[in-house]
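Student: First the structure, which I've put down as structure tokens, then a few questions once you've had a look.
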Number of protein chains: 2
Amino acid sequence: MQRPFVHPAIEDITLESVLYALADPTRLEIVKRLAGAGGACGMNCSAAAPADLPKSTQSHHFQVLREAGLIRSERRGTEVVNALRCAEIEKRFPGVISSILKASEKAKKR
Amino acid sequence: MQRPFVHPAIEDITLESVLYALADPTRLEIVKRLAGAGGACGMNCSAAAPADLPKSTQSHHFQVLREAGLIRSERRGTEVVNALRCAEIEKRFPGVISSILKASEKAKKR
């Protein structure tokens with residue numbers, strides 16, 4: 001039996017941990033993929049990590065994102081489905097995640 | 001003769017380095033002090049670091065902030081004056097620094 005995923009309550013999420021989680025290019029990329037094209041929030045995705053990353057590295061990045069409160073992970077059979085906790089984060093830290101996603105889209109286009 | 005401070009050009013500043021610099025509570029506090037009360041941007045300050053920090057730790061934090069492009073440091077006699085590069089950062093990454101400063105003010109009030 002696998003251990004269930006642990007997610008922090010929204011009021012326990014800290015700004016510093018959110019910023020730390022997003023300061024890594026791979027994790028920012030994962031969050032962007034989860035957010036879907038155009039910076040919109042909410043898409044679920046079970047394959048958001050760059051495919052060339054070792055499985056253990058992928059797991060580590062998803063763990064950091066989960067512990068920072070940025071994503072919610074759920075086991076469905078043998079698969080793990082991850083979803084951004086975008087609405088919750090927006091409510092707790094208005095504008096932070098949306099402006100970061102927008103800025104990161106813009107930076108990529110250059 | 002002391003070496004002059006080196007500041008990255010605005011187009012060389014990366015979102016990841018800005019987020020990394022702000023992910024540390026002490027550096028976020030320094031940036032908040034530089035931004036002045038209420039999240040407004042622009043105040044210069046030569047004593048923005050918490051006073052109980054060792055001088056070398058203070059220097060390290062200011063260096064990280066400077067290299068990330070968040071502050072501009074200038075020697076005036078024996079003193080170093082630091083200023084947030086807020087307008088430049090806002091132009092490059094709209095909403096990022098302002099929403100982080102606002103969120104951090106809000107988090108503190110809780």
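Student: Taking into account only those residues within the range A:1-29 that are β-branched (Val, Ile, Thr) and in contact with a Pro (Cβ under 9 Å, 6 or more places away or on another chain), which is nearest to A:SER104 (Cα to Cα)?
Tutor: A:THR26
Student: Working carefully through the options A:VAL81, A:VAL96, find the one that is at pLDDT 95 or above and among the β-branched types (Val, Ile, Thr). Talk me through it step by step, then tell me what you get.
Tutor: Working: A:VAL81 fails: at pLDDT 95 or above.
It is A:VAL96.
Student: Would you kindly identify the helices (runs of 4 or more DSSP H) lying entirely within the range A:53-110 that contain at least 2 residues that are away from chain B (no Cβ under 14 Å), of a type in the set (Val, Ile, Thr) and within 18 Å of A:THR26 (Cβ to Cβ)?
Tutor: In the range A:53-110, no matching helices (runs of 4 or more DSSP H) lie anywhere.
Student: How many residues, within the range A:27-40, are open to solvent by 30 Å² or more (accessible area, probe 1.4 Å) and either farther than 25 Å from B:ASP24 by Cβ or modelled with pLDDT of 95 or more (or both)?
Tutor: In the first step, residues of the range A:27-40 are kept if they are open to solvent by 30 Å² or more (accessible area, probe 1.4 Å); the result is A:29, A:33, A:37-38, A:40.
From the residues that got through so far, the ones that are either farther than 25 Å from B:ASP24 by Cβ or modelled with pLDDT of 95 or more (or both) too are A:33, A:37-38, A:40.
Selection size over the range A:27-40: 4.
Student: When you check A:LYS91 against the structure, is it of a type in the set (Lys, Arg), surrounded by 15 or more Cβ atoms within 10 Å (Cβ to Cβ) and either under 14 Å from the mean Cα position of the chain (by Cα) or modelled with pLDDT of 85 or more (or both), yes or no?
Tutor: Judged against the criteria, A:LYS91 is not a match.
The values are calculated or read from the model by the stated rules, or taken from the named source; none is laboratory data. Since we're looking at a predicted model, the values are computed, not measured. Neighbour counts are summed over all protein chains in view; Cβ atoms, including those assigned to glycine, are modelled from backbone coordinates with ideal geometry. Side chains are part of the model used for accessible areas, which takes the heavy atoms of the whole protein and leaves out ligands, DNA and RNA. Shrake-Rupley method; radii C 1.70, N 1.55, O 1.52, S 1.80 Å.
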